[in-house]
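See structure below.
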Amino acid sequence: MNNIKLRWLVVGFLFIATGLSFLDRQVLSVAIIEIQNEFQLTDVEYGWINTSFLIGYALMFTVGGWLIDRYGGRLGLACSVGVWSAANIMHGVMNGFIQMASFRFLLGLGEGGCFPGAAKSVSEWFGKKERALANGIAIGGSAVGAVIAPPLTIWISGNHSWRWSFVLPGIIGLLWVIGWLCISQRKSLKESNLNPLSKTKIPFLEILRVKQVWVFVVIRFLLDPVLYFLMFWIPKYLSSERNMAYEQIGNLFWIPFLTLGISNIIGGWLSDKLISRFKFSLNKSRKTVMGVAALLTMVAPLIAFVSSVQLAITLMAVITFAHGFWITNYITSIADVFGGAATSTVVGISGTAGTLSALLVNPMIGKMVSSAGYAPLWILSGIMYPLGFVILLLCIPKISPLKLK
């Protein structure tokens, strides 16, 4: 297999890995109905089960990112997918709250290394002119996983049992590890085409002293709660504010996440095309796409006021489409700045910041919905991305490789 085919095969494996990541974490949200009936779990216990996942996820985002920068994307992703796939299989034999919370924590630990590992692998295999598209495809798998998780879980549970809805994807994940280790044995790019930092090992504390790290962290801290709000609260919004039946919600909920997966890829392709065809600088191309994304999210406040459910869903899809543009170029910008030396670490630190922000904000969302409804949340959703873009423009005037010692 020639180098070009091998590189894109690697991206295909990354697409599957991020897809499995979102699929595996969302199986529980569907299967919990049967699990609660069998084990008599309370909603409070279910809340703690979700929290245990987020704690493991937040912790390993940073730790896993640092480890992957030390040992490489090949070994790092293999360990990450292997751990969460084994944890997923363990869900199939759980018999109560304690085991379930423990296995969710282990699942979070494994999945915390997924996106740092994907970003690291792309930075190892691709130069700057193809890096955004490769990142877009790799990240896009997560949205596809989110789309197929509900119907797949229902189908497996209906034909077998809820336990197999965890076990079968876990087995697929272990098979993925074997395939990944086989195809990723050799690098396809010459060292001259990679970011010159690719072989440098930078101490963790040194990375924390770099201003650009904290810019990326603050932006992620501000913006991740918007996506978590869409993921966790759209069904309740459609039910309580739009009076939609459960079946109708299931028929529409997947649409915003399908647009997210599509825009991950388009956003990466567009950014790379601006460089290769229109001769944009790396800085101008990444910021152009992120600026367009920020403008698109400003439609969010309209959701509170449109009368049509279909139009409200369309506007939500515009927001998720914009997020795909944003997150692909955001992660690619980190790779552009830090190269193979610290990309995974910085993606990990920023991911931890986003997850912690979501943990802090989610209870506040509940209080705001109870007291003021959803309108303030849609307004805030339309403000945060433009704010993040302004911070990026002011604090990182030029996206370019950083010389670290």
Query raised in the report: With no solvent and one point per C-alpha, what does the Debye sum give as log10 I(q)/I(0) for the range 224-310 at q = 0.12, 0.15, 0.23 Å⁻¹?
Result: -0.51, -0.71, -1.18
**Report entry** Neighbour net charge for Gln26 - beta-carbon separation under 13 angstrom, K R +1, D E -1
**Finding:** 0
Query raised in the report: Dipole magnitude of the range 240-355 about its Cα centre, charges +1 at Lys/Arg Cβ and -1 at Asp/Glu Cβ only, in debye to the nearest 20?
Result: 500 debye
Query raised in the report: Would you list Cys79, Cys182, Cys395, Cys114 from fewest to most Cβ contacts within 10 Å?
Result: Cys182, Cys395, Cys79, Cys114
Query raised in the report: Can you sort Trp155, Trp125, Trp269 so the residue with the fewest Cβ neighbours within 10 Å comes first?
Result: Trp155, Trp269, Trp125
Query raised in the report: For the charge dipole of the chain, defined by +1 on Lys and Arg C-beta atoms and -1 on Asp and Glu C-beta atoms about the Cα centroid, which residue among Met364, Leu107, Val122 has the Cα displaced farthest towards the positive pole?
Result: Val122
Query - Per-residue [θ]222 nm for the chain (sum of -39500 (n - 2.57) over DSSP H runs n ≥ 4, rounded to 500) - result: -28500 deg cm²/dmol
Report summary line: Percent relative contact order for the chain, counting Cα pairs under 8 Å at least six residues apart, stands at 26 percent
Report summary line: Ranked on Cβ counts within 10 Å of their own Cβ, fewest leading, Ser400, Ser80, Ser184 go Ser400, Ser184, Ser80
Query raised in the report: Any idea what log10 I(q)/I(0) is at q = 0.11 Å⁻¹ for the chain, Debye with uniform C-alpha scatterers and no solvent?
Result: -0.78
Requested in this report: With only Lys, Arg, Asp and Glu charged, each at its Cβ (+1 for the first two, -1 for the last two), find how big the charge dipole of the chain is about the Cα centre; round to the nearest 20 debye.
Outcome: 1920 debye
Report task. At q = 0.21 Å⁻¹, work out log10 I(q)/I(0) for the range 1-149 with the Debye formula, treating every Cα as an identical point scatterer and leaving solvent out; two decimals please. Result -> -1.24
Query raised in the report: Once you put a point 7 Å from the Cα of Asn251 and another 7 Å from the Cα of Thr314, both along the Cβ direction, what distance in nm separates them?
Result: 1.8 nm
Query raised in the report: Roughly what would the spin-label model give for Leu387 and Phe232, points 7 Å off Cα along C-beta, in nm?
Result: 1.8 nm
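What net charge do the residues around Val167 carry, taking every other residue with its C-beta under 15 Å from that of Val167, with Lys and Arg at +1 and Asp and Glu at -1? It would help to have the intermediate numbers written out before the result.
Numbers: positive: Arg163; negative: Asp24, Glu34.
Cβ neighbours under 15 Å give a net charge of -1.
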**Report entry** Value of D in µm² per second that Stokes-Einstein yields for the range 94-153, Kirkwood Rh from Cα pairs, at 37 °C (0.692 mPa s)
**Finding:** 238 µm²/s
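Just how many pairs of Lys in the range 245-400 have C-alpha atoms closer than 23 Å, counting pairs that are eight or more places apart or on different chains? Working shown, then result.
On the way: Lys273/Lys284; Lys273/Lys287; Lys273/Lys398; Lys279/Lys287; Lys279/Lys398; Lys284/Lys398; Lys287/Lys398.
Going through the range 245-400 pair by pair, I get 7.
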Query raised in the report: Using a Förster distance of 35 Å, how high is the FRET efficiency between Ile98 and Ile154, based on the Cβ-Cβ distance and rounded to 0.05?
Result: 0.85
Report summary line: Length gained, Leu75-Thr288, 0.36 nm per residue minus C-alpha separation, equals 73.2 nm
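Readers should treat all values here as calculations from the given coordinates under stated rules, not as data from a laboratory. Predicted, not measured: the structure shown is a model, and the values here were computed from it. FYI the Cβ positions are ideal-geometry reconstructions off the backbone, even for glycines, and counts take in every protein chain you see.
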